[in-house]
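Engineer: Sharing a structure with you now.
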Amino acid sequence: MHKGVVIAGAGQAGFQLAVSLRTEGFMGPVTLIGDEPELPYNRPPLSKAFLSGKESEFDLPFRPAEFYAAHDIRMRMGERVVALDVRGKSVEVDSGESIPYDFLALATGARVRPIAVEPIAGVLYLRTLADARQCKQLLDASEALISIGAGFIGLEAAAAAAGKGKKVTVIAAEDRPMSRVVSPLVSEHFRRLHANHGVTLLLNEAVVRVDHGVRVHLGSGAIVEAPLVIAGIGVMPNIELAADAGLRTANGISVDEYLRTSDPSIFAIGDCAEHPNRFVPGGRGRIESIQNAVDQARAVASTIAGKPRAYSAVPWFWTEQFDAKLQIAGITAGCSDFVVRGDASSNSFSVFGFRADRLAAVESINRPVDHIHARKLLEANAQLSPAQAADETFPLKTLLSVKYQNS
Ligand code: FAD
C-alpha cells in the first residue's frame, strides 16, 4: 500500500508541492504538516499590504479549506514534526503520532534571527501571520516605529509605517540599504526614497541595548525611543530535523540538482534547501524567495510523479516600498561592473550587473518589461555587453531571438 508523500512545513514550498503533485498526476496520499495554525498563506504581503492595512487576513490564504479536501490533500495544521526516522521512513509529530512515508519533503523554511543583545525586551519580529498581527495591532496604536535592519523586511515595514504617518527610524549595521542584495546605485535610490518620505536612516550603527519603553541604545552613544521596535536582520534555515536525522547539512539542508538530500527518499525545498545553482557565485547556495520555493516544489513534484526534473531557474525577487517596485533577476553579489539603463534620477530605471564580463543580475525599479527581458537573458546566458545594456535604443529582445534562432 502507498504511504505516499509527507511534507513537513506548510509554507510556500510545502503548499506548492502538495498542489503540484496533484497537477502532475500523483495519485497516492499527500499529507501536509504545518506548525502554524492557519491554512497555507501568502507571506510577502505581511510586511507590505497587510501591515499598511491595504490587505486583510482574508486576502492571504492561497486556497480555501474545500480546495484541499477536493484534491485529497491531508491537512495537519498546528502540528509540528519533531523527529525523522529515516530507516523506518516515518516522521513523528508533537502528539507522538508516527506518520509513514514513501517520500518525505522537508519544507521547513527559515526562522528570524534574533538581535544579539540582552535584554531584548519589547522587540518584535515579522515572519509569520501571528507576528504580523501583533506588529500591525501595535503599529496602529503607536505614533512611532523603530525598524532594526535595512534589508527588505526592515525597509518594507518602515515604508508601511511611514505611509501611515508614523515617525520612523531605521537602524542598521550596514553602510547602505539592502547592501547584501542590491547594487550601490539601487541602495542610494532607496535611501533617498525613504528620506523623502521622512524616514530617518541611521546606518553603520550597532544596537547595544534595548530597554523597556522602548529605548534603543546605539554604539555611537545615541538613544532612540519608540513604542514599537521591529527587527528584521535576517533568518536562519530550519535544518535541525535534518541534522538530527544525520542528513547532510551546511548553511541549509544540502541537496543535489534534483533537490534530494543525502537520503534519496527525502527532498528539501525552499528557504531551507542548500542547493546547486549556476546563478550563485560558488555554484551552491540557499535562496530565500517565493520563486525559489515555487520552482523547487514544482521540480520535486515532477520527480516524484515519475518525470525526474533537475532544478534550474533564474532566481528572482521583488520588494515594494512606497511607490517603487524593485524586481531583481539573478544575483547581484559578486558583480563588479554596473551600468544604468534609463534615468537613475527618476523612479524608473534598471541597473545591469556584470560578473567576470557576463551579465549576472538586473535590478529594475518600476520597469517590469526590463525585468522580464532580464530573466530571459540570464536564462539564455546571452552575450549582452555593458554598452548595449546602457543603450536604451538597443532592443534587449534581439539577443533573445538570436539565441533562440541559433538553438
Ligand atoms: P516558509 O514560508 O517559511 O514556510 C515554512 C513553514 O514550515 C512555516 O510555516 C514553518 O512554521 C513551518 N515549519 C518549520 N518547521 C516545521 C516543523 N518541524 N513541522 C511543521 N512545520 C514546520 N520573498 C519574495 O520573493 N518576495 C517578497 O516580497 C517577500 N516578502 C517577504 C515578506 C516577509 C514578511 C517574509 C517573512 C518573507 C518574504 N519573502 C519574500 C520570503 C518568502 O516569503 C520566503 O522565501 C518563502 O516563504 C519561503 O517558503 P518556504 O516554504 O521555504 O518557507
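Every number in this text was worked out from the coordinates using simple rules, so none of it is lab data. Bear in mind the structure is a predicted one, so any value in this text is a computation, not a measurement. Quick reminder, even Gly has a Cβ in these numbers, built from the backbone with ideal geometry, and neighbours come from all protein chains shown.
Engineer: Listed here are the pairs 167/325; 48/164; 166/325; which of them are more than 18 Å apart at the Cα?
Structural biologist: The pairs that break the limit, which is 18 Å between Cα atoms, are 167/325; 166/325.
Engineer: Just to confirm my numbers, what's the Cα centroid distance between region 168-213 and region 227-287 in Å?
Structural biologist: Region 168-213 and region 227-287 have Cα centres spaced 28 Å from each other.
Engineer: Can you give me the convex hull volume of the Cα atoms of the chain, divided per residue and expressed in Å³?
Structural biologist: In the chain, the Cα hull volume divided by residue count equals 151 Å³.
Engineer: Ranked highest first by average number of other Cβ atoms within 10 Å, how do 184-192, 79-87 line up?
Structural biologist: 184-192, 79-87
Engineer: Quick check on the exposure proxy: order 75, 236, 178 from fewest to most C-beta atoms within 10 angstrom.
Structural biologist: Numbers: 75 19, 236 14, 178 25.
By the 10 Å Cβ count, ascending, the order reads 236, 75, 178.
Engineer: Right, something else. Fewest to most neighbouring Cβ within 10 Å: what's the order for 135, 272?
Structural biologist: 135, 272
Engineer: Counting Lys and Arg as +1 and Asp and Glu as -1, what is the net charge of the other residues whose Cβ lies under 11 Å from the Cβ of residue 34?
Structural biologist: -2
Engineer: Express the relative contact order of the chain as a whole percentage, based on alpha carbon pairs under 8 Å and six or more residues apart in sequence. Kindly include the intermediate steps, with their values, before the conclusion.
Structural biologist: Working: 914 pairs, mean separation 57.8, N = 407.
Relative contact order, the chain: 14 percent.
Engineer: Take every Cα pair under 8 Å in region 325-407 that's 6+ residues apart, average their separations, divide by the length, and report that relative contact order as a whole percent. Numbers along the way, then the final one.
Structural biologist: On the way: 146 pairs, mean separation 23.6, N = 83.
Result for region 325-407 is 28 percent.
Engineer: From the cross-link list 54/136; 307/376; 376/397, which pairs have alpha carbons spaced over 21 Å apart?
Structural biologist: Those over the limit are 307/376.
Engineer: In terms of the Cα gyration tensor, with a ≥ b ≥ c the square roots of its eigenvalues, is region 182-263 rounded because a/c is under 1.5, prolate because a/b exceeds b/c, or oblate?
Structural biologist: Oblate, because a/c is 1.5 or more while a/b does not exceed b/c.
Engineer: Moving to a separate point now. Indicate, rounded to the nearest 5 percent, the antiparallel portion of the DSSP beta bridges found entirely in the chain.
Structural biologist: 60
Engineer: Starting from the eigenvalues of the Cα gyration tensor, five times each then square-rooted, give me the equivalent ellipsoid semi-axes of region 1-116, largest first, whole Å.
Structural biologist: Semi-axes from the Cα gyration tensor: 26, 19, 11 Å.
Engineer: Suppose we take every Cα in region 269-335 and form the convex hull; what volume per residue is that in Å³?
Structural biologist: 88
Engineer: For region 1-79, what's the relative contact order in percent, using C-alpha pairs closer than 8 Å and at least 6 residues apart?
Structural biologist: 37
Engineer: Could you please state, rounded to a whole Å, how far the C-alpha centre of region 288-321 is from the C-alpha centre of region 1-64?
Structural biologist: Measuring centre to centre over Cα atoms gives 15 Å.
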